[in-house]
1. Can you compute the FRET efficiency between LYS131 and GLU65 using 1/(1 + (r/R0)^6), with r the Cβ-Cβ distance and R0 = 41 Å? Round to the nearest 0.05.
2. Would you work out the charge dipole size for the stretch 1-81 about its Cα centre, treating the Cβ of every Lys and Arg as +1 and the Cβ of every Asp and Glu as -1, and quote it to the nearest 20 debye?
3. Using a simple spin-label model with points 7 Å from Cα along the Cα→Cβ vector, what separation in nm is obtained for GLN21 and GLU88?
4. Anything over 23 Å Cα to Cα? Flag those among LYS52/LYS155; LYS52/LYS124; LYS136/LYS171; LYS62/LYS155; LYS24/LYS137, in the order listed.
5. Tell me the angle of helix 127-142 to the major Cα principal axis of the chain, expressed in degrees between 0 and 90 and rounded to the nearest ten.
6. Antiparallel DSSP bridges in the chain: what percent, to the nearest 5?
7. Below 12 angstrom from the Cβ of TRP113, what's the summed charge of the other residues (Lys, Arg +1; Asp, Glu -1)?
8. Sum -39500 (n - 2.57) across every DSSP H segment of at least 4 residues in the chain, then divide by the residue count to get the 222 nm mean residue ellipticity, nearest 500.
Amino acid sequence: MDIDELIQVVPYNEQWDTLFQNEKINLLEIFEETAVDIQHFGSTAISGMCAKPIIDILAGVKSLELHNSIISQLRKLGYEEFGEAGVEGRLYFRKRHVHAYNLAVVVWNGEHWVNNLLIRDYLKKNPDIAKQYSEKKLKTIQNGHTTLLSYSDEKADYVEDLLKQAKQHIKYT
């Protein structure tokens, strides 16, 4: 099982929020009291943004030491487990069926939790910045970065800059 995969970027789909809400119900049953909160993040959470048609889900937990029963139930739901997958402090799972999902399990209110939601909220409040990011994503694909790892690497500096902007914006609002 390889983490790298072919990807595409598509226009915003109004169905993405409903897909998240439905999957969140399933995940809440699995995580029970282990998850403090489950949030929709990434570009599919931002109205009007182009995105990979993969719903990004952030599960905030008290500890990254997940009980085997949770991992087993995630597998039954169709999720593959990738461990940290190169990102320390995050457990990565993905589900590829009729609809695609990425599940990032992180410590609630930890750095990954805060930063991912900060970028999401910043883009929601700044549609011009979200539009620029959509254009960056499309250009990245057009330049031949059509696998997950290549695509992510190519836009990593841009995302880091978005996080800096979001943090600055929070200081002044």
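1. Working: r = 40 Å, r/R0 = 0.99.
Once the sixth-power term is evaluated, E becomes 0.50.
2. Working: 5 positive and 14 negative charges, 22 e Å.
For this selection, approximately 100 debye.
3. 4.0
4. Numbers: LYS52/LYS155 13 Å; LYS52/LYS124 17 Å; LYS136/LYS171 26 Å; LYS62/LYS155 30 Å; LYS24/LYS137 26 Å.
Check vs 23 Å cut-off fails for LYS136/LYS171; LYS62/LYS155; LYS24/LYS137.
5. 80
6. Values: 18 of 26 bridges.
Around 70 percent of the beta bridges assigned by DSSP in the chain are antiparallel ones.
7. Working: positive: LYS62, ARG90, ARG120; negative: ASP37, GLU111.
Value of the local net charge: +1.
8. Values: 5 runs with 82 residues, N = 173.
When only DSSP H runs of four or more count, the value is -16000 deg cm²/dmol.
Quick note: the coordinates plus some simple rules give every number you see, no bench work behind them. Since this is a predicted model, take the numbers as computed values, not measurements. Here the Cβ is made from the backbone with ideal geometry for all residues, glycine too, and neighbour counts use every protein chain on show.
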